[in-house]
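> First the structure, then my questions, so here it is.
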Amino acid sequence: MRFSLDIAYSLERMEASRRRMEARGRYEIADRVPVGFCVVPRFFAPHFGLRYRDFFTDAETHYYWQLQFAKFRIEYIAEDMFCTGPTLWVYPFFDNVLDADALGADVVWPENETLQACPTIHTVDAMEAFVIPPPTAGLWGRLLDWCRQMRGFAAETRVTIGGIEAHVAIGAPSIGGVSPHMLAVDLVGTDFYWWLVEYPEACHRFLGKLTDALMQTQQYFEQVWPRPRGGVGLAEDSAQIMSLASFREFCVPYDLRLFETLGAPNGDRGMHMCGDSAHLHPALVEDLRITDFNIFGYLVPPQVAARNLGGKMRLWGNINPMLMRDGTTAEVKAAAHACLRALAPCGGLLLGDGANVCPGTPLDNLSALTEAAEEYGHGA
């Protein structure tokens, strides 16, 4: 075999995690609330002395390190969402710049920092002249190529988890899940917020083009890599500075088009928002009918999330990532207990960060969330 990986992990723990995650989907609790983290490759790179930029050298290098990161995650990070069966999922990862790059943004590839999309549209006339790119433009094309290469690598990989044979599965190529509004800000920069006020019709036309581009590309991916249609997840990280009325005008219609066009009937609708999103919660419930609010920002107090969203959607979050990195284990555990007290009774909670685990976060502070969940149990 070209690649070989032996992962030390208890099959009993794997089965317990599977039960917890399935119960969470039904708004129930098995033995305790499950735990899961948004932990991405940049977190793992320092543990291996890897310069982050080298992670993107080619498909084989990318695949190899994804395997090493997965092994580390399963063996050393106490959580439930990542390993619930004998399948190791691998997928090309480009931070949050996949769609922006394909749509024409300039991307900076730092040595050891997150990839960054930089604006390339500086006038309203240039925005009006925007042309929808083909589905293989930029990183969309690299994504599809790397998925195909990785499928070949997976066939040459031997994996065991807990001593039993497992296998590597390659995720199907897909758009990145960044909303049209977020992409508009990536391409234009902060001037887009002024343009929403001064040139609203032009902004609507631009958002419509971006939505069409995302739909066209996703539908192309589904043609060349057939799979059942499922749920859709979107991120609206740029929206917290908007009023509820502006969000409903400039974000909701385009997000709805993506949910309704790309999702399966009655499929899950996921939403991610960093920052303080509390004033936008009515739109999530009433307009977008979100089913999953994923790794939502720590600036939303758990009590507010419970009042606005509890029982209406599954919640994943929302411990302060800086506290997780810099605080004591006792402080992190106390924050986790406060989150559990507020949100666990609502059902559907996945306890985790809010949002993104920072590089340098001690593993003991990640374990503190699982310890708190075990201590809380059913909340009795």
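Laboratory data are not the source of any read-out in this text; all were calculated from the coordinates shown. Here the structure is a predicted model, which is why all the values come from computation and not from measurement. Cβ placement follows ideal geometry from the backbone for every residue including glycine, while neighbour counts extend to all protein chains displayed.
> For SER10 and GLU331 in the same chain, what is the full-extension length gain: residue separation times 0.36 nm, less their Cα-Cα distance, in nm?
112.7 nm
> Under 27 Å between alpha carbons, and skipping anything fewer than 8 positions from LYS71 in its own chain: which lysines qualify?
Counting by Cα, and skipping residues close in sequence, LYS71 has these lysines nearby: LYS333.
> How much FRET efficiency would the formula 1/(1 + (r/R0)^6) give for ASP125 and LEU256, where r is the Cβ-Cβ distance and R0 is 35 Å, rounded to 0.05?
The pair ASP125/LEU256 has a calculated efficiency of 0.75.
> Residue by residue, what Karplus-based ³J(HN,Hα) values in Hz, rounded to whole numbers, does the range 240-250 have, using 6.51, -1.76 and 1.60 with θ = phi - 60° and x for Gly and Pro?
Per-residue couplings from phi come out as 5, 7, 8, 6, 4, 5, 5, 4, 5, 7, 9 Hz.
> What is the distance in Å between the Cα centroid of the range 166-240 and that of the range 48-75?
Going from one Cα centre to the other spans 26 Å.
> Apply the Karplus parameterisation 6.51 cos²θ - 1.76 cosθ + 1.60, with θ equal to phi minus 60°, to every residue of the range 254-267 and state each ³J(HN,Hα) to the nearest whole Hz, in sequence, with x for glycine and proline.
Taking θ as phi minus 60°, the curve returns 7, 4, 4, 4, 5, 4, 6, 8, 9, x, 5, x, 6, x Hz for the range 254-267.
> Shifting gears a bit: Cα centroid distance between the range 22-37 and the range 262-337, in Å?
15 Å
> So what's the net charge close to GLN219: Lys and Arg +1, Asp and Glu -1, counting the other residues with Cβ under 13 Å from its Cβ?
+1
> Considering only ASN266, ILE241, PHE192, whose Cα is most displaced toward the positive end of the charge dipole of the chain, charges sitting on Cβ of Lys, Arg (+1) and Asp, Glu (-1)?
ASN266
> For the pair GLU375 and ARG26, what calculated FRET efficiency results from E = 1/(1 + (r/R0)^6), where r is the Cβ-Cβ distance and R0 = 25 Å, to the nearest 0.05?
0.60
> Just tell me which aspartates and glutamates come within less than 17 Å, Cα to Cα, of LYS312; anything on the same chain fewer than 8 places away is out.
Straight-line reach from LYS312, under 17 Å: GLU28, ASP268, GLU286, ASP287, ASP292.
> Right, next: For the range 152-203, what is the convex hull volume of its Cα atoms per residue in Å³?
Spread over its residues, the Cα hull of the range 152-203 gives 130 Å³ apiece.
> Taking H as built 1.01 Å from N, whose amide H comes closer than 5 Å to the amide H of LEU349, not counting residues under 5 places away?
The list, which skips near neighbours in sequence, is LEU315.
> ILE319's amide H: which non-local residues (gap 5+, or another chain) put their own amide H closer than 5 Å, with H modeled 1.01 Å from N in plane and none for Pro or chain starts?
GLY352, ASP353, GLY354
> For the range 1-78, what is the Kirkwood estimate of the hydrodynamic radius, computed as the reciprocal of the mean inverse distance between distinct Cα atoms, to one decimal in Å?
14.6 Å
> Quick one: in the chain, what % of C-alpha pairs are over 33 Å apart?
The share of Cα pairs beyond 33 Å in the chain comes to 31 percent.
> Rounded to the nearest 5, what % of DSSP beta bridges with both residues in the chain are antiparallel?
20 percent
> Please work out the FRET efficiency for the pair MET215 and PHE82, using the Cβ-Cβ distance as r and a Förster radius of 35 Å; give the result to the nearest 0.05.
0.70
> Hey, rough spin-label estimate for THR190 and ARG229, points 7 angstrom out along Cα→Cβ, what's it come to in nanometres?
About 4.0 nm separates the two model spin labels.
> Fewest Cβ neighbours within 10 Å first, please rank PHE130, PHE37, PHE250 accordingly.
Neighbour counts put them in this order, fewest first: PHE130, PHE250, PHE37.
> Quick query: amide H of GLY377 versus all other amide H atoms, modeled in the peptide plane; which residues come in under 5 Å with a sequence gap of 5 or more or a different chain?
Counting only residues 5 or more places away or on other chains, the set is VAL33.
> Need one word for the range 222-369: rounded, prolate or oblate. Basis is the Cα gyration tensor (sqrt eigenvalues a ≥ b ≥ c); a/c below 1.5 gives rounded, then a/b vs b/c decides.
prolate
> What are the ³J(HN,Hα) couplings of the range 21-32, residue after residue, when phi is run through the Karplus curve with 6.51, -1.76, 1.60 and θ = phi - 60°? Round to Hz, x for glycine and proline.
5, 5, 5, 4, x, 9, 6, 10, 10, 6, 8, 6
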